[in-house]
Amino acid sequence: MTIPRKIRAVVHVGVHKTGTSALQHSLTRNACNLIKQGFLYSPRSNEINHSYLADVLLKSDYRTASSIVENMRKEALAAN
């Protein structure tokens, strides 16, 4: 019997000028190494950050936020 691996999502939402962009650039540069260690960094196509997720959360658009997170979950499952 195979027990499915648990997937844990870590979402870092930082306000402007807290080093968030530096963290995102580093994660993007090291995406291949992270995958080898079992981590998936999910940048949106052609975007370095996830500000779109913070934007919809600030607008209390939970349906869109849920859809974004679900797409990230599906990407993580496909990568495993």
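Just so you know, all these numbers are worked out from the coordinates, no wet-lab data involved. It should be emphasised that the depicted structure is a prediction, and the values quoted were computed from it without experimental measurement. Cβ placement follows ideal geometry from the backbone for every residue including glycine, while neighbour counts extend to all protein chains displayed.
What distance in nm lies between label points placed 7 Å from Cα along the C-beta direction at Glu75 and Arg29?
2.0 nm
Residue separation times 0.36 nm, minus the C-alpha to C-alpha distance between Tyr41 and Asp61: what's the value?
Details: separation 20, 0.36 × 20 = 7.20 nm, distance 2.32 nm.
Once the chain is fully extended between Tyr41 and Asp61, it gains 4.9 nm.
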